[in-house]
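Notes to accompany the following structure.
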Amino acid sequence: MAVLQLQSIPTITIPSPQPKLSKSSITLYSRRRLSPSHYHQLQKHRLKRSAVAEEISAAEVDQSVIGDEETLRQKETVGYDWSEEWYPLYLTKNVPDDAPLGLTVFDKQVVLFKDGAGELRCYEDRCPHRLAKLSEGQLFDGRLECLYHGWQFEGNGKCVKIPQLSKGAKIPSSACVRTYEIKDSQGVIWIWMSRKSPPNPAKIPWFENFERPGFRDLSTIHELPYDHSILLENLMDPSHVPISHNRSDSNAKREEAGPLYFEVTERTGRGFAGRWGRERDVSLPNHIPNFLRFEAPCVLQSNREVIDKKGQKIYFSGLFLCRPSGQGKSMLIVRFGNTMKPSFVFKLLPKWFLHQTASKILEEDMGFLSSQNEILVREKAPTRELYINLKTSDTWVAEYRRWMDKVGHGMPYHFGHSTVSLPENPALVEHAPAGFTASLSASQPAKGGIGTMHAPNPANRYFRHVIHCKGCRNVVKSCHVWKKALSIAAAVSTALAILASGRMSRVLLLLAAAVFVAGIQICSSVIAMNTTNYIRSHRRL
């Protein structure tokens, strides 16, 4: 591993004049506390090691990953400021009506809520009094109230009530909260993070397919325990689907895993776009490739158009909005949609069932993506030194990491193809159980339940999806109510059957009790589906 090699390489003095270092090179070795000469010797050692990749096949391996020092020095950079962007904050339909919602963008904590008029508001998530999280507060007469001392804030962030003030005393002007500009666009709430520049509405992404007549979409939201760059990298990697999601989807079969072709059609300072498909399909008549587009800061979409038997064009879209919600954390809004008329079977499937299918697919990836995140953070090295990228599977991954090379200087932290910039302040880890519970409960719409299902665990399906989804949350709540009612009904029926004198009455009451028990089992199964993670059957527990 890179860390072990770093310890085993002796410091070697390179005669003057030393090679001129680029800004990215200086950033890399300075953050790892290496001398310039030591850094160059280390780079040469790693370049020799990367030649091992050639054993796979010179035609298969992306040679740009191997490169040389000159490539590292001449990396292109573009002007970029992570705060001068709109970030997908939440699905509009899932914002709670009666409680504030704590969210984060990188390390910036914000609180989202609806005021008395039903208008969406967003503040910095801390009370100016004693820094308590406002997301842990409550809505009172349309105002956001800090639950610590009862300070209340109006929609524009002005403090309008302090219970502890003497009668006639004025509320100080400094007792106000910072506000953030938010916009509701096509069912998604976007937040403008800049504190120095006015919002730029033109930067809010617009998705044409979602405005087409007859377009239906299935939107879900999920919190995930790994960095948003890992999430994006995973979503733009079609080659893993047949293996990782074997049989979870009708199009995912491990025996069909094979080489893919990629064609980059566009590269800009804000992302890239291109076509891709299976190599074996290129020569087929009427072959329609898939299209992928990545756009800063965190939008990934894949669109496809096909002609049905009636000659009508059908539009398909897969939209992924990936918000960075802190070091080792991300939030994903998934929006699949099309203009195709749904089948009868699809109409019968409840939405909560489709949401849990999406949760299962994300859980199939969660273990190895979390471990990948851990290794990147531990190694503190760019991906060109750690990955072996294949042209037939990893083209989009390499493109994305090279884009990070261009803009990483304008981000709080990044891992690029050839550059790396670590967070200035490592993530705060709560060690005390009370602190851990409080921090998580304060950042969620469900206020800190402790128990088997509601334990504030980010690896728990309930806390990763259900608390963020009104539909699934209502299903779980309803199933709990029905389960209690059916339990009472089953107990009453059984008791009456014991007391009944007639044989027919006893049979009918026992039959009714059996139906009630079956209903209890169905409710328990629905609750379990919404609260239990998928575990691969090949793992030994």
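The values are calculated or read from the model by the stated rules, or taken from the named source; none is laboratory data. Here the structure is a predicted model, which means the values were calculated and not measured. For neighbour counting, all protein chains shown are included, and Cβ atoms are generated from backbone atoms with ideal geometry for every residue, glycine included. Only protein heavy atoms, including side chains, enter the accessible area calculation; ligands, DNA and RNA are left aside. Shrake-Rupley method; radii C 1.70, N 1.55, O 1.52, S 1.80 Å.
Quick check on the stretch 489-503. Is at least one of its residues surrounded by 12 or more Cβ atoms within 10 Å (Cβ to Cβ) and of a type in the set (Lys, Arg)?
no
I'd like to verify a number: residues in the stretch 410-420 that are open to solvent by less than 20 Å² (accessible area, probe 1.4 Å), more than 16 Å from residue 264 (Cβ to Cβ) and in a loop (DSSP other than H, G, I, E, B), how many?
Result for the stretch 410-420: 3.
Could you tell me how many of the residues in the stretch 211-226 are touching a residue at least 40 places away in the same chain (Cβ under 8 Å) and either within 18 Å of the chain's Cα centre (by Cα) or assigned to a helix (DSSP H, G or I) (or both)?
From the stretch 211-226, those touching a residue at least 40 places away in the same chain (Cβ under 8 Å) are 212-226; that's our starting set.
Still in the list and also either within 18 Å of the chain's Cα centre (by Cα) or assigned to a helix (DSSP H, G or I) (or both): 218-226.
Residues that pass the stated criteria total 9.
Using the structure shown, decide if residue 495 is within 30 Å of residue 465 (Cα to Cα) and without any contact (Cβ under 8 Å) to a residue 12 or more places away in the chain. Can you show your working first?
Values: within 30 Å of residue 465 (Cα to Cα): no; without any contact (Cβ under 8 Å) to a residue 12 or more places away in the chain: yes.
So residue 495 does not fit the description; no.
Tell me, which helices (runs of 4 or more DSSP H) wholly within the stretch 323-409 include 2 or more residues that are open to solvent by less than 40 Å² (accessible area, probe 1.4 Å) and among the aliphatic types (A, V, I, L, M)? Even if it seems obvious, please write down each step before you answer.
Details: elements: 344-348, 351-379, 395-407.
Of the helices (runs of 4 or more DSSP H) lying wholly inside the stretch 323-409, those with at least 2 residues that are open to solvent by less than 40 Å² (accessible area, probe 1.4 Å) and among the aliphatic types (A, V, I, L, M) span 351-379, 395-407.
Criterion first (within 30 Å of residue 401 (Cβ to Cβ) and loosely packed, with under 15 Cβ neighbours inside 10 Å) does residue 76 satisfy it?
Judged against the criteria, residue 76 is a match.
Quick check, is residue 468 within 18 Å of the chain's Cα centre (by Cα) and either at pLDDT 75 or above or open to solvent by less than 30 Å² (accessible area, probe 1.4 Å) (or both)?
It is true that residue 468 is within 18 Å of the chain's Cα centre (by Cα) and either at pLDDT 75 or above or open to solvent by less than 30 Å² (accessible area, probe 1.4 Å) (or both).
Pairs, please: C-beta under 8 Å, at least 6 apart or cross-chain, first residue among the hydroxyl-bearing types (Ser, Thr, Tyr) and in the stretch 347-367, second part of a helix (DSSP H, G or I)?
As it stands, the answer is 359/461; 359/464, since those pairs meet every condition given.
Which of the residues belonging to the stretch 296-322 are over 20 Å from residue 261 (Cα atoms) and either in a loop (DSSP other than H, G, I, E, B) or hydroxyl-bearing (Ser, Thr, Tyr) (or both)?
296, 297, 298, 308, 309, 310, 311, 312, 315, 317
Is one or more of the residues making up the stretch 282-295 touching a residue at least 40 places away in the same chain (Cβ under 8 Å) and touching an Asp or Glu at 6+ places or on another chain (Cβ under 6 Å)? Don't jump to the end; show me each part of the working.
From the stretch 282-295, those touching a residue at least 40 places away in the same chain (Cβ under 8 Å) are 290, 292, 294-295; that's our starting set.
Checking which are touching an Asp or Glu at 6+ places or on another chain (Cβ under 6 Å) leaves us with none.
Checking the stretch 282-295: not a single residue is touching a residue at least 40 places away in the same chain (Cβ under 8 Å) and touching an Asp or Glu at 6+ places or on another chain (Cβ under 6 Å).
So which residues in the stretch 95-107 are under 16 Å from the mean Cα position of the chain (by Cα) and at negative phi, if there are any at all?
102, 103, 104, 105, 107
The conditions are (1) surrounded by fewer than 14 Cβ atoms within 10 Å (Cβ to Cβ); (2) aliphatic (A, V, I, L, M); (3) at pLDDT below 90, and residue 453 fails exactly one of them. Which is it?
Answer for residue 453: the failing condition is (1).
What do you reckon, is residue 187 open to solvent by 40 Å² or more (accessible area, probe 1.4 Å), on the phi > 0 side of the Ramachandran plot, out of contact with any Gly (no Cβ under 9 Å at 6 or more places or on another chain) and not hydrophobic (A, V, I, L, M, F, W, C)?
So residue 187 fails the test.
Which residue is farthest from residue 221 (Cα to Cα), if the candidates are limited to the stretch 296-315 and must be touching a Lys or Arg at 6+ places or on another chain (Cβ under 7 Å) and open to solvent by 60 Å² or more (accessible area, probe 1.4 Å)? Steps first, answer last, please.
Going through the stretch 296-315, the residues touching a Lys or Arg at 6+ places or on another chain (Cβ under 7 Å) turn out to be 296, 298, 301, 305, 307, 315.
Of the ones still in play, those that are also open to solvent by 60 Å² or more (accessible area, probe 1.4 Å) are 305, 307.
Values: 305: 25, 307: 31 Å.
Only one residue tops the list, namely 307.
If residue 485 passes every condition in (1) surrounded by 12 or more Cβ atoms within 10 Å (Cβ to Cβ); (2) not in a helix (DSSP H, G or I) but one, which one does it miss?
(2)
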